[in-house]
1. Rounded to whole Hz and in sequence order, give me ³J(HN,Hα) for segment 183-199 from the Karplus expression 6.51 cos²θ - 1.76 cosθ + 1.60, θ = phi - 60°, writing x for Gly and Pro.
2. Roughly what percent of Cα-Cα pairs across segment 60-176 reach past 20 Å?
3. Around residue 191, what is the net charge, scoring Lys/Arg as +1 and Asp/Glu as -1 over all other residues with Cβ under 13 Å from its Cβ?
4. Report, by chain and number, residues whose modeled amide H sits under 5 Å from the one on residue 179, excluding near sequence neighbours (fewer than 5 apart, same chain).
5. Residue-wise, which Karplus ³J(HN,Hα) couplings in Hz belong to segment 142-147, taking 6.51 cos²θ - 1.76 cosθ + 1.60, θ = phi - 60°, and x for glycine or proline?
6. Provide the solvent-accessible area of residue 81, counting protein heavy atoms only and rolling a 1.4 Å probe, rounded to the nearest 10 Å².
7. Near the amide H of residue 196, under 5 Å away, which other amide H atoms are found, from residues 5 or more places off or on another chain, if H is placed in the peptide plane?
8. How would 154, 196, 120, 107 line up by accessible area, probe 1.4 Å, largest first?
Amino acid sequence: MHSAQRKMASLCVRAVRQSYSLVASPALIRASPRLLCTATQQKNGRSEEEAEKPEQNAAEKALLEEKTQLEEQLKDMTEKYKRALADTENLRTRSQKMMEDAKLYGIQGFCKDLLEVADILEKATESVPKEEVTSQNPHLKNLYDGLVMTEVQIQKVFTKHGLVKLNPEGQKFDPYEHEALFHAPVEGKEPGSVAIVTKVGYKLHGRTLRPALVGVAKAP
């Protein structure tokens, strides 16, 4: 009994001594400051990283805003460039159309003056009695033939330059090509049609240069 108690006491003393030696060990004492320093550095590193993150986020946000502004400016400049191209093309088209119209219709003033000459020739040939245009009246016949040839030639010149005569007798009345002097019932004429042409009209390249002066038939 006493022997076992002494053995147990001896083991307890030995364990206490080993614990004390571990606590008082120089290696452990030397390692402790290193561990503390490492922990402190890790903590400071995390603090610096956490401090840098807001700065990085702010820089990224500024770059993103600048990128957005540049993209909007590029889009705006692209739209302006497209509009400028469209305006230039429209201007070119209008200018070309004006030049073409000037070539086609630049002679309309001159043509209007010649129309009066053509009217006189037409009236002159119509006023000559056809029954008197015979070989028995050579002077009258030669004059009449000369008027007819002149009228034919001037109409050829008109056609060459796009000037076409309008003699719409029997056609449907067109307010864009005809000018109605009167409306009256005319036997054998359909209402709304041209019954009488008192003065022929002319068109220059499809555009009415002078409307024909007409009388329009109407229902009785």
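The values are calculated or read from the model by the stated rules, or taken from the named source; none is laboratory data. Everything numeric in this text was worked out from a predicted model, so none of it was measured. Cβ sites come from the backbone with ideal geometry, for glycine too, and all protein chains shown count toward neighbours. Only protein heavy atoms, including side chains, enter the accessible area calculation; ligands, DNA and RNA are left aside. Shrake-Rupley method; radii C 1.70, N 1.55, O 1.52, S 1.80 Å.
1. Computed from phi, the couplings for segment 183-199 are 10, 8, x, 10, 5, x, 10, 6, x, x, 9, 7, 8, 9, 10, 8, 8 Hz.
2. In whole percent, the share of Cα-Cα pairs in segment 60-176 beyond 20 Å is 70.
3. That sum, taken over residues with Cβ under 13 Å, equals +1.
4. 212, 213, 214
5. 5, 5, 5, 4, x, 5
6. About 140 Å², rounded to the nearest 10.
7. Here the answer is 215, since their amide H atoms fall under 5 Å of that of residue 196.
8. Working: 154 25, 196 80, 120 115, 107 60 Å².
Final ranking, largest accessible area leading: 120, 196, 107, 154.
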